[in-house]
1. Give me the helices (runs of 4 or more DSSP H) completely within segment A:1-95, filtered to those with at least 2 residues that are among the acidic types (Asp, Glu), ordered by residue number.
2. Among the listed residues A:Ala125, A:Ala80, A:Ala138, identify the single one that is surrounded by 15 or more Cβ atoms within 10 Å (Cβ to Cβ), within 12 Å of chain B (Cβ to nearest Cβ) and in contact with a helix residue (DSSP H, G or I) (Cβ under 6 Å, 6 or more places away or on another chain).
3. The conditions are (1) out of contact with any helix residue (DSSP H, G or I) (no Cβ under 6 Å at 6 or more places or on another chain); (2) modelled with pLDDT under 95, and B:Val212 fails exactly one of them. Which is it?
4. For segment B:232-304, please list each of the strands (runs of 3 or more DSSP E) lying entirely inside it that holds at least 1 residues being within 25 Å of B:Ala357 (Cα to Cα).
5. Look at segment B:156-198 and say how many of its residues are of a type in the set (Ser, Thr, Tyr), in contact with a helix residue (DSSP H, G or I) (Cβ under 9 Å, 6 or more places away or on another chain) and surrounded by fewer than 16 Cβ atoms within 10 Å (Cβ to Cβ).
6. Going by the conditions given, is B:Gln124 among the polar types (S, T, N, Q) and either within 23 Å of B:Ser60 (Cα to Cα) or in contact with a Cys (Cβ under 6 Å, 6 or more places away or on another chain) (or both)?
7. Filtering segment B:334-351 down to residues that are outside any loop (DSSP other than H, G, I, E, B) and at the interface with chain A (Cβ under 10 Å from one of its Cβ atoms), which residue is surrounded by the most Cβ atoms within 10 Å (Cβ to Cβ)?
8. Would you mind finding the one in A:Ser27, A:Ser100 that is within 13 Å of chain B (Cβ to nearest Cβ) and touching a strand residue (DSSP E or B) at 6+ places or on another chain (Cβ under 9 Å)?
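The values are calculated or read from the model by the stated rules, or taken from the named source; none is laboratory data. What you are looking at is a predicted structure, and each value in this text was computed from that prediction instead of being measured. Cβ atoms come from the backbone with ideal geometry, glycine included; neighbour counts cover every protein chain shown.
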Amino acid sequence: MNPSVEDRLNSVVRAIGGVILPALPESASLAREQAMLAMGHIQIILGQLPATAQFEADEAKDIHRLGTAVAELTTGGVRARSTADALSAMLSHATFAESSSRTRRVQDAINAVLLALVEDGDPDATNAVHATILEHGAARALKDRQWFAAMGFDSDFCTR
Amino acid sequence: MIDTEPHLADLLEARKARRAMPPYVPQSDAAVEGLLSVYFAMHEPGAVVGDVARLGGGASKEQFVFSLTDRSGDATRYVLRMDALEGITETSRVREYEILRAMDGVVPVPRPAWIDANAHHFPQPALIMEWVDGTPKPSTITLSVTGLGTVLGDPLRGLIRPQYLELLSRIHNFEWRSANLPSFAAPDADPKQATRWLIAFWKELLEQDAVVREPVLRLATQWLEANVPDCDDPRLVHGDFRTGNYLFDEVTGRITAVLDWEMSHIGDIHADFGWLLQPVFGTKIDEVFRVSDIFEGAEDFIAAYEAVSGNHIDRAKLHYFAVFNAWKSYILVAALGMRAAREQHNHQDVLLTFLAATGPMFVADLARLLSEGDAA
């Protein structure tokens, strides 16, 4: 039987917690902190592992939806139109398979549209694009915060 | 050249050259002891370095405590604070040295003793300051690397509250124009210069280090540039005076030192409030949000501060700096921190990637704040 990713990561956590940490003197504060952080990281990754592919695919789908809306809403001068056209073309010819790299490419193209809208975008279109981005940003951030809730930073998603 | 303080503009240029450098190798205690021994052979002949030990905590600098025993046998403890190649912040040891020296006697601070600003001796720019007794968190908290979410609890909250207000007031009312702060520039060209400089500095860091182009961040950048408020009376801004960044005596609750001055600047005091009021720097217990676990909500903090300091907090400016600080926080954790970790240019990559998970909290704050319009 091949060892699964979960088996291997669990064994790393046990090595850090059961062998490495106890061997570190109390005075080795940075080493102890980093060992505990490493364990925490891996435990959270283990919890996320079964859903990671789905999370990244969902993220890519969300940004694709936003990109489509931004391209459709954008009107204005040459710069605004050309960047919106480039965004549309990217969305329709998205051949790069990996979800996270697709997300980054679409974000770059949306960024170019936002810069162009300042130069020669129609004011109404600019406002509509901004509203759409904020709406998407809020919805996406909610999902991302839930995804990282186990980190313990976010008082809206964790209890003390 | 970026339109920001000249010293910081130089810093922004210099950091570009570090990008191509190989992974950073953390300093060992033995290596640091060797460096210190040679350094003090030149600067304090006859003094002996001992008891070198790495300090935990923090998210940007390598820190070591050591003792220096002079010829008469008197030993003094010091802290060596040294840059990594890159980190979660981009700051100047020169400015930190100057501001600590200027604030000595105004508020309790670690006294700065020596500086190697240009890494002539140490591998990276370094500052040596006196050790101050105290703790940044109650001893009941076993792991809180960053100080985020530190719960002081009672009775510490009540003991620290009046001191905290007094110290923040003294910082904001400090007569910086008569202080010796050569690397700090006075933003006197026009009432918007102080904040314009601030925006330009952080925007350049975002441009240099962005790992992804988050659309909400682009909107925030555009909004901040288009809505810079006037600052008619620039003051000293600490930049990060939250719980976790001061030391206190756990028995008496007495604050023994205000730390982490590296983001201090001359500008708008609302920047401190926008920073301190962020949810991530407070606690939420039984649905009660406490600013730095001291004040029960924003209004409690602001009213108490106004009464002690005599300074007024303008709500429209507070809204602006709430946007600014959510934007800046994202840049710190999701741009600078992530870039440093990816380049392996820091000694705490594992912490930086952990902290980067706070990024969505700041995107959520920005989306909410920008949806509210120009002012709350």
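1. Of the helices (runs of 4 or more DSSP H) lying wholly inside segment A:1-95, those with at least 2 residues that are among the acidic types (Asp, Glu) span A:5-15, A:52-73.
2. A:Ala138
3. (1)
4. B:246-248, B:282-285, B:288-291
5. Of the residues in segment B:156-198, 0 are of a type in the set (Ser, Thr, Tyr), in contact with a helix residue (DSSP H, G or I) (Cβ under 9 Å, 6 or more places away or on another chain) and surrounded by fewer than 16 Cβ atoms within 10 Å (Cβ to Cβ).
6. yes
7. B:Leu351
8. Details: A:Ser100 fails: touching a strand residue (DSSP E or B) at 6+ places or on another chain (Cβ under 9 Å).
Only one candidate passes the filter, namely A:Ser27.
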